[in-house]
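To start, the structure under review is shown below, and the notes come after it.
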Amino acid sequence: MKRNTYKSGPDINGRFGKYGGRFVAETLVPLILEVEKAYKKIKKKKSFINEFKKYLKDYVGRPSPLYFAENLSKKLKGPKIYFKRDELNHTGAHKINNTLGQILLAKTMEKKRIIAETGAGQHGVATATVCALFNFPCTIYMGEIDYERQKPNVFRMRLLGADVEKVKSGSKTLKDAMNEALRDWVTNVNDTFYIIGSVAGPHPYPEMVRDFQSVIGHEAKEQIKKKEGKLPNLLIACIGGGSNAMGLFYPFLNDINVKMIGVEAAGEGLNKKHAASIAKGHLGVLHGSKTYILQDKDGQITEPHSISAGLDYPGVGPEHAWLKDTKRVKYVSVTDKEALEAFKFSSRIEGIIPALEPSHALAYLIKKASKMPKDNIVIMNMCGRGDKDIFTVAKKLKINI
Amino acid sequence: MPYKDILKNKFNELKTKKKCGLISFITAGDPDFNTSFQILEKLPECGVDIIELGMPFSDPMADGPIIQRANGRAIKNKMNLKKTFELVKRFRKKNYNTPLILMGYYNPVHRFGINNFINNVKKNNINGVIIVDLPPEEDNELCLPMIKNKVHFIKLATPTTNNIRFKKIIKHASGFIYYISITGITGANYKSNQKLGNQIKNLKKMTKLPIAVGFGIKNKNDVKELSKRADAVVVGSSIIKKVEEAEKKKYNKKKLVDNVLNYVKQLSSVL
Ligand SMILES: Cc1ncc(COP(=O)(O)O)c(C=O)c1O
């Protein structure tokens, strides 16, 4: 990789340093090479860029506002905190930026059917939505446990016309949904496009999803310059697979004075059940890429845990693994309990009910804000709204609704 | 013991006899270490020419429900790569002439350590390795180190493989080519078709390596039919189904082993 830039990855082999790659069954290789070729071609095409932008604006509702969370900033006695409000997007999270990009690609590749995996159901809903919009049949794979804890999203997907397949194999969560989606893909390789929901999977997915999500960071950069006349001191985002974080971070990677923090899910604690792949994982290969993975000493993938279904994944996007090694981004983690407190705090003080995923990023800010310089500017990615989580939270708080 | 290419010898022998070879796939440690050893030990006398032994993995992405469950049983009974090597070591004490190949996914191998893995493969006279999620694009990971150590790294070809792709695949292929008969996962339905025959003929024009065909081959008829086209056939899920059947019927271990081996005998009887 070129020196003095953090933005040149991946290389031609789909690697970010030693991470990434194309670790998939032979049956799929011709197809992922085709996806790569098609993506390279369209990403520079004016007609594609314009169509993508048009839908982001008129259908998703972009640009999402950059909101100065004044009450929160005052209360925490710390820096000026801005929320990048991707929770206001159509379907309630950042996921739709990516599904929109991928469905346009699937369309140009003349694919006939869409599949996707989902954990929290947000990516499933975002996929089902664009499939309804562009008239594609679609099948969404969802682990049985997630299916039960995110029932409203299951119903949403069905309303949108998707088939939702309950996955009962393995640990019955996101990783198993992804296994099942890959099994579908090798079986229906000729006509099916797989819309992966995060910066994970084989090359070119980590790059492609990052590029589609980068609209978040590009907008934020423009907006903060307008509001503050300068770049922020810190960006902060939660990390499941890492797509909302990559989307915010990427356009700032070469702005060396902008610090960045990714927040993983520490679940019940880093020495108990958690989903902190960067903090506690080992180098390995899962779902097509080499990265940090939660696994036992035999190389079996271990079951992650987080209160937030969207962070409940045993791996992390390869670009994050590389950004960790290069120390460009700092990775930390917060527990279920801390995230839950942040969820309540934001609701009360800003009138914004955040999803449990960005509540992790907020929880870290709440812990550290008072130690940060008051004249600093922070942008936090409010990448999803909490409607989908009210049942989980109510249960946790032992409240009947 | 000096390294002998018994895999190559086996295919030569099959060729002289004008016989199609039978490759059986079982998961190491399914349903437990001892029972799977008893199956393994008797496979050659039931007519198996080459043994494929699955290395258990928690997330077998290319496998259907039957092999997924076999992996699950093995892992539940604490099977791992170290014990898989012990299993082979025991097998090799009495059998030195049946080629044995390990098949699995990359993560457990990577975690075990590449050098450690290769040393154990050589030490236990394992003749080749198939890793489902290591396509030619990732040859640097394990394929090239294996070849350097003179262990066969067996490559897969599929119905999605065109000629240009196949040339890339055979560049570092050795041992034999494993042709996957269908686009799909293990345990799906194999359907006899002309296209498959043509594809095999086409591959044969491009490589001298023997071609084994697998995935979805379910019974004597499939085996018989394919034997006219391929140098060897691979049967996996339908053998493992016999383990599952025996478990369901609560057979004792001896009866379970017999249930599996009798089925293997049936398969080999048509070759
Ligand atoms: C609102 C929200 N945030 C974050 C995530 C985690 O994904 P990523 O790390 O790719 O942004 C999800 C996943 O479902 C989500 O729904």
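The values are calculated or read from the model by the stated rules, or taken from the named source; none is laboratory data. Owing to the predicted nature of the structure, the values given are computational and were not obtained by experimental measurement. Note that we place each Cβ from the backbone using ideal geometry, even for glycine, and neighbour counts take in every protein chain shown. All accessible areas refer to the heavy atoms of the entire protein, side chains included, with ligands and DNA or RNA removed. Shrake-Rupley method; radii C 1.70, N 1.55, O 1.52, S 1.80 Å.
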Out of the residues in region A:376-401 meeting the condition of being among the small types (G, A, S) and either buried (at least 20 other Cβ atoms within 10 Å of the Cβ) or under 14 Å from A:A342 (Cα atoms) (or both), tell me which one is nearest to the ligand (Cβ to nearest atom). A:G384
Just give me the residues in region A:83-92 being within 22 Å of A:E222 (Cα to Cα), out of contact with any His (no Cβ under 7 Å at 6 or more places or on another chain) and open to solvent by less than 10 Å² (accessible area, probe 1.4 Å), in sequence order. A:F83, A:K84, A:E87, A:N89
Among helices (runs of 4 or more DSSP H) completely within region A:325-401, the ones holding 3 or more residues that are touching an Asp or Glu at 6+ places or on another chain (Cβ under 9 Å) are A:336-350, A:356-368
Out of (1) open to solvent by 30 Å² or more (accessible area, probe 1.4 Å); (2) under 24 Å from A:R22 (Cβ atoms); (3) assigned to a strand (DSSP E or B), the odd one out for A:Y141 is which? (1)
Selection from region A:111-138 of residues in contact with a Pro (Cβ under 8 Å, 6 or more places away or on another chain) and open to solvent by 10 Å² or more (accessible area, probe 1.4 Å) yields A:K112, A:R113
For region A:287-297, indicate whether the set of residues that are open to solvent by less than 10 Å² (accessible area, probe 1.4 Å), farther than 13 Å from A:G240 by Cα, touching a Ser or Thr at 6+ places or on another chain (Cβ under 8 Å) and not in a loop (DSSP other than H, G, I, E, B) is non-empty. yes
For region B:55-63, check the following and say yes or no: at least one residue is of a type in the set (G, A, S), crowded, with 19+ Cβ neighbours inside 10 Å and under 30 Å from A:H287 (Cβ atoms). yes
Identify the single condition in (1) within 14 Å of the ligand (Cβ to nearest atom); (2) open to solvent by less than 10 Å² (accessible area, probe 1.4 Å); (3) part of a helix (DSSP H, G or I); (4) not small (G, A, S) that A:W185 does not satisfy, given that it satisfies every other one. (1)
Given the condition free of Cβ contacts under 8 Å to residues at least 40 places away in the same chain and buried (at least 21 other Cβ atoms within 10 Å of the Cβ), answer yes or no: does some residue in region A:199-212 qualify? no
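Residue-by-condition table, conditions (1) more than 14 Å from chain B (Cβ to nearest Cβ); (2) polar (S, T, N, Q); (3) more than 29 Å from B:D139 (Cα to Cα):
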site	(1), (2), (3)
A:P10	no, no, no
A:I32	no, no, no
A:N50	yes, yes, yes
A:L56	yes, no, yes
A:T91	yes, yes, yes
A:I96	yes, no, yes
A:I103	yes, no, yes
A:K112	yes, no, yes
Restricting to region A:232-258, and then to whatever is open to solvent by 10 Å² or more (accessible area, probe 1.4 Å), touching a Lys or Arg at 6+ places or on another chain (Cβ under 8 Å) and not polar (S, T, N, Q), can you tell me which residue is farthest from the ligand (Cβ to nearest atom)? A:L234
Listed by first then second residue, the pairs whose first member lies in region A:350-366 and is touching a residue at least 24 places away in the same chain (Cβ under 8 Å), whose partner is of a type in the set (D, E, K, R) and in a loop (DSSP other than H, G, I, E, B), with beta carbons under 9 Å and at least 6 positions apart or on separate chains, are A:I352/A:R85
Among (1) within 13 Å of chain A (Cβ to nearest Cβ); (2) crowded, with 19+ Cβ neighbours inside 10 Å; (3) touching a helix residue (DSSP H, G or I) at 6+ places or on another chain (Cβ under 9 Å), the one test that B:F25 misses: (1)
Would you point out the residue of region B:78-102, among those that are open to solvent by 20 Å² or more (accessible area, probe 1.4 Å) and in contact with a Phe, Trp or Tyr (Cβ under 7 Å, 6 or more places away or on another chain), that is farthest from the other protein chains (Cβ to nearest Cβ)? B:R90
In this structure, does A:D191 turn out to be surrounded by fewer than 19 Cβ atoms within 10 Å (Cβ to Cβ) and within 14 Å of another protein chain (Cβ to nearest Cβ)? yes
Checked region B:225-261 for anything open to solvent by 80 Å² or more (accessible area, probe 1.4 Å) and at pLDDT 95 or above; matches are B:K241, B:K248, B:K249, B:K250, B:N252, B:K253, B:K254, B:K255
Selection status of A:I196, away from every other protein chain (no Cβ under 14 Å), within 22 Å of A:L311 (Cα to Cα) and within 16 Å of the ligand (Cβ to nearest atom): no
